[in-house]
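Worksheet: one structure, shown below.
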Amino acid sequence: MSFTLARRTPVPALGLDLEEWRHPCGALHLHLACADEHRAFCAAVRTQPGDSTGLPHILEHTVLCGSRRYPVRDPFFQMLRRSLQTFMNAMTYPDLTAYPFATQVSKDYGNLLDVYLDAVFAPRLREEDFAQEGHRLAPADGAWARQGVVYNEMKGAMDSTSELLSQALAAALLPDTCYRHNYGGDPAAIPALTHAGLVAFHRRCYQPANAVFCTYGACDPADLHRRLAPYLASAGSALPPPPLQRPLPAPVTLAVAVPWAEGQEVKDVTAAGITWVWDDGAGLDEALDGELIERLLMGHAASPLRLALEGSGLGRSTGSTGYSGGYRNGMFTAELDGIDPADAGKVHALVRETLAAVARDGVAADEIEAALHQVELSRREIRGDSYPYGLELCLRLVGPWNCAVDPLGFLDQAPAIARLRARAAAPGWLQGQVRRRMLGNPHHAVFSAAPDRAFHQRLAAAEQARDAAEAAAAGEAGRAALAALCQRLEAHQDSKDDPAVLPD
């Protein structure tokens, strides 16, 4: 069995053809065929978390610690030095994990392809690598303390007001979905993850049938299919797309504790606002509606919501205000940061009053035209500022695939923008959107940050107590095994790799 070409569609606006190759196991290859020598590749797998142990994040780190064909300690970073790549990385998202690269050299492209495919589908996943990248209980000054790359990374990440609010909002507003979990890992939950659990998650999610492969440029699709063949013998099965949260019948009120350090001004850590859950953001029309509404409400200093928030004198900045498509459901937040905690209610009232005025009066026709122009520019222009041009196009395909949406419209978005213009031209369009999506939408959270002087002390005490209890419960033999694992990890970290193992 091999890949077959399901369709080939010209995309004249981009000077390329979209080829859709399908394998009987379910693997999908989307090739953006053109003569560009700056080739790009991305493999992505669905990795919806079932808890907050950080499984997808820790696995992303661990698969890059050596594989069956390349059994070296750190092939990824060694290839960063040896390769002529213009981009190499791996990224964990709330519901998928992606492994992209780009290069202008044909031989380098083949080398990187071999390393990436073996890393994704045949990693070693050694216990020492899990202990290094995920977490481990290690002896420290006569006691025991938790260590690990992701564990420490997430302790830092979950120390900010914005991250704590984001996690609390997702948990409260998307309770029936994978998004209620902290996909990066909650430091309080990470210690529950075992090495066996990591291996099982890889076996379930990192399968060709659960993957999409996106390529761009002057590369032969058959070459990728040939290199993939060894991994297709056990292709696994596809996981379903991430679910959509059904509407909740009543609003939620959240007061989220956030760290407030000694000597820190309270306004440095405060925020208040309202977040609404909207429709399926995987659809291009819905995403464009969200972007246009954001530009009309927040696009410039005189836009109504931005003017009200910035001109209120209640806070310092508009924080995370705007439309977000990071989850399956789109979400819109109106937020003011740097407020007096006692003024949170005033912020909530101001947001509602401002939106009520917009629902009553709308905005001028030239404002809608200007916002439409900005949306069109942002959607048509592919600058390659963050990623090489071809890789940016590849990444445009991953999200739609993940949600089982046809990716074609996400390349040339002109037809969708024309539909957006037609919708926005209807009398009272913005007023109706604000009434339906915000004022009349019970699926929302009214939130505020609650500065907490004891936040860090409380977490540190809980961490120390948990680690001490785990070490005690392990018994003498268990503690000896933990110490031996740490010694093996130290020896592993000090070992020298043979660079000849990697392609050159």
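The values are calculated or read from the model by the stated rules, or taken from the named source; none is laboratory data. Everything numeric in this text was worked out from a predicted model, so none of it was measured. Neighbour counts are summed over all protein chains in view; Cβ atoms, including those assigned to glycine, are modelled from backbone coordinates with ideal geometry. Only protein heavy atoms, including side chains, enter the accessible area calculation; ligands, DNA and RNA are left aside. Shrake-Rupley method; radii C 1.70, N 1.55, O 1.52, S 1.80 Å.
What to note about this one:
- Unique match (being open to solvent by 20 Å² or more (accessible area, probe 1.4 Å) and over 29 Å from R39 (Cβ atoms)) among D129, D114, D141: D141
Every residue, every condition in (1) assigned to a helix (DSSP H, G or I); (2) within 22 Å of the chain's Cα centre (by Cα), yes or no:
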site: C219; (1), (2): no, no
site: R226; (1), (2): yes, no
site: P241; (1), (2): no, yes
site: Q245; (1), (2): no, yes
site: A255; (1), (2): no, no
site: T275; (1), (2): no, yes
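- Which numbered condition Y327 misses (of (1) assigned to a strand (DSSP E or B); (2) in contact with a helix residue (DSSP H, G or I) (Cβ under 6 Å, 6 or more places away or on another chain)): (1)
- Test: residue in region 225-234 that is buried (at least 21 other Cβ atoms within 10 Å of the Cβ) and more than 30 Å from K155 (Cα to Cα): yes
- Candidate set: region 236-282, residues that are in contact with an Asp or Glu (Cβ under 9 Å, 6 or more places away or on another chain) and of a type in the set (S, T, N, Q); chosen: the one farthest from L292 (Cα to Cα): T270
- Residue within region 368-381 that is farther than 28 Å from C178 by Cβ and either among the basic types (K, R) or touching a Cys at 6+ places or on another chain (Cβ under 6 Å) (or both) present: yes
- Scan of region 269-309 for residues that are in contact with a strand residue (DSSP E or B) (Cβ under 8 Å, 6 or more places away or on another chain) and open to solvent by 40 Å² or more (accessible area, probe 1.4 Å), ordered by number: D279, D280, E294
- Scanning region 320-340 for residues that are more than 30 Å from V405 (Cβ to Cβ) and either among the small types (G, A, S) or buried (at least 17 other Cβ atoms within 10 Å of the Cβ) (or both) turns up L336, D337, G338, I339.
- Selected residue [within 28 Å of E392 (Cβ to Cβ), open to solvent by less than 30 Å² (accessible area, probe 1.4 Å) and either in contact with a helix residue (DSSP H, G or I) (Cβ under 8 Å, 6 or more places away or on another chain) or at pLDDT below 95 (or both)] from T177, T215: T215
- Pairs, first touching a residue at least 12 places away in the same chain (Cβ under 8 Å) in region 75-89, second part of a loop (DSSP other than H, G, I, E, B) and open to solvent by 60 Å² or more (accessible area, probe 1.4 Å), C-beta under 8 Å, six or more apart: R82/D504; L84/Q104; T86/Q104; F87/Y387
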